[in-house]
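Reviewing the structure listed below.
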Amino acid sequence: MADNDKAGREAAVDECIRNNDAEGAVKLLFDLIVEYAKEKKFAKAEALHEKLYDADPMALTEIVRSGEIIEEEKSDAVDQEHLDIWSLLYDALSTAEGNALYYSMKTKLFQSGEPIMEQGKLNSRLYFINKGEVKALFNQGDKENLIKILNPGDIIGQGPFFSATVCTVSMVALGSVKTTYLEVDVLKKWKNEVPALESKLYNYCNKNDQIKKALEEKTVERRSDKRVSLSGTLLFQLLDKAGNLMGKSYKGELADLSAGGLSFIIKSSKKETVRMLLGRRLKISFKLPLKHNTDHGVEQLVTVIAAQPMVFDDYSIHLKFDTKWAQKMIDNIDTSRLASRPDKSDQA
């Protein structure tokens, strides 16, 4: 049997396993893994590495060494220009974490004027700028504000990627732009393979969030409406695409309110469940304490525009009203008569 006849040798592995010849299967698998790794066929090498466990879980020398060879070959195959741009990020990662990050990325090119992400819309990707410039814009009414020009080595989309929120700014290509990106689903995969990678990447992104820094420096006020702190119970119910009510009502704890929307807090141990609320339509109801010792019952349809994690499995859910309230309604709220904090036992 020719050495380069990999298909035939893989068939021989199956024959060894059927005949309980673990030693023969391990020898064939190890050689195949090394060859595929050196050919940069990593998906095939990793599949056979998993098969090595099944053939003989106690073949520790071959299991460990073949895994090391795969990681070594992956490291050698990484684009050096990419490594140079993101050297500070990769320096903070182990070899396995760096490989997991690099080989989870996909490439996308943008042309001049093409939007990468849009303010107020959902985005599930974390973008790494490798070439070109990107302008970060914030739209306030009819006015378009330039926040910052981003360059190679900058990351965009941190908020939506890690915190399940819509984009708070727009990103537009300024000339031709080359990016690599991660899909949010990769975080689930990393939890088993490289559990520390998500937190390391989050810390790096948070530390190097150029948009956040620019907004702080310019003291850009992104909330055009004054917000009033509230407390009390809010009930919310999901709507389907046709606008019909779905399932039961859930309880939340009011946090604050403005003419344009409000936020409330819910408790949930499932991040994925909360993320599913993004962009969904809800019907909400609550009592608003007004001056002169009166209450105003509110029932309204809203859209979920953000879901931000807090401590102890709490999430802050931000809603946008279809039509802004009159400012006189906000001014008429009696904050001295706020309800006591409700029980948050109803979990999402």
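The values are calculated or read from the model by the stated rules, or taken from the named source; none is laboratory data. Not measured: the values here are computed from a predicted model. Note that each Cβ is placed from the backbone with ideal geometry, even for glycine, and that neighbours are counted across all protein chains shown.
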### Message
Return the residues of the stretch 268-290 that are modelled with pLDDT of 80 or more, touching a Ser or Thr at 6+ places or on another chain (Cβ under 9 Å) and either closer than 15 Å to S163 by Cα or not hydrophobic (A, V, I, L, M, F, W, C) (or both); say none if nothing qualifies.
### Response
R280, R281, K283, S285, K287, P289
### Query
For the stretch 242-267, how many residues are aliphatic (A, V, I, L, M) and more than 15 Å from V302 (Cα to Cα)?
3
### Task
Run E71 past the list (1) under 20 Å from A196 (Cβ atoms); (2) at pLDDT 90 or above and report the number of the one that doesn't hold.
(2)
### Query
So which strands (runs of 3 or more DSSP E) stay within the stretch 165-267 end to end and still have 2 or more residues that are in contact (Cβ under 8 Å) with a residue 60 or more places away in the chain, in the same structural domain as G279 (by TED's automatic domain parsing) and touching a Ser or Thr at 6+ places or on another chain (Cβ under 9 Å)?
245-257, 261-267
### Task
Please enumerate the residues belonging to the stretch 268-294 that are surrounded by 14 or more Cβ atoms within 10 Å (Cβ to Cβ) and part of a strand (DSSP E or B).
R281, L282, K283, I284, S285, F286, K287, L288, P289, L290
### Message
Out of K106, K44, K27, I need the residue that is modelled with pLDDT of 90 or more and over 29 Å from the mean Cα position of the chain (by Cα). Which one?
### Response
K27
### Query
Residues A326, A255, A259: which one is among the aliphatic types (A, V, I, L, M), surrounded by 12 or more Cβ atoms within 10 Å (Cβ to Cβ), more than 26 Å from the chain's Cα centre (by Cα) and at pLDDT 85 or above?
A259
### Query
Among the residues of the stretch 136-164, how many are in contact with a Pro (Cβ under 7 Å, 6 or more places away or on another chain) and either buried (at least 19 other Cβ atoms within 10 Å of the Cβ) or not assigned by TED's automatic domain parsing to the domain that holds G113 (or both)?
0
